[in-house]
Amino acid sequence: MPKTDEAFLSDRIQMTRSEGWLDLVEELQNLENNIVNLDSINSEHDLWATKGQLRIINFLLSLDTATTIALEELQDGNPT
């Protein structure tokens, strides 16, 4: 039986509260801080690769907040 949206979002929130997730977030924040240094970008290819890395990092770092908002909206009857 497939999960309901609420069960899916609740499971995701539980995951983002785990110690392993919090460790990953810390590592991603450190990586993001190192990537922001534009002096290490030597070509257009490097620029696009860095942009892709930052998009993935930002997605993962915002997952907890986005999931919390989605769950609140679902429970309030306003799914996005």
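The values are calculated or read from the model by the stated rules, or taken from the named source; none is laboratory data. All of these numbers come straight from a predicted model, not from anything done at the bench. Because the Cβ atoms are built from the backbone with ideal geometry, glycine has one as well, and the counts that use them run over all protein chains shown. Side chains included, ligands, DNA and RNA excluded: accessible areas come from the protein's heavy atoms. Shrake-Rupley method; radii C 1.70, N 1.55, O 1.52, S 1.80 Å.
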*Would you mention how many residues in region 1-27 are at pLDDT 95 or above and part of a loop (DSSP other than H, G, I, E, B)?*
2
_Here is a check on your reading of the model: is residue 64 in a helix (DSSP H, G or I), touching a Lys or Arg at 6+ places or on another chain (Cβ under 9 Å) and either touching a residue at least 12 places away in the same chain (Cβ under 8 Å) or open to solvent by 50 Å² or more (accessible area, probe 1.4 Å) (or both)?_
yes
*What number of residues in region 31-46 are open to solvent by less than 90 Å² (accessible area, probe 1.4 Å), of a type outside the set (Val, Ile, Thr) and assigned to a helix (DSSP H, G or I)?*
4
*Inside region 28-80, can you point out the residues that are β-branched (Val, Ile, Thr), modelled with pLDDT under 90 and touching an Asp or Glu at 6+ places or on another chain (Cβ under 8 Å)?*
80
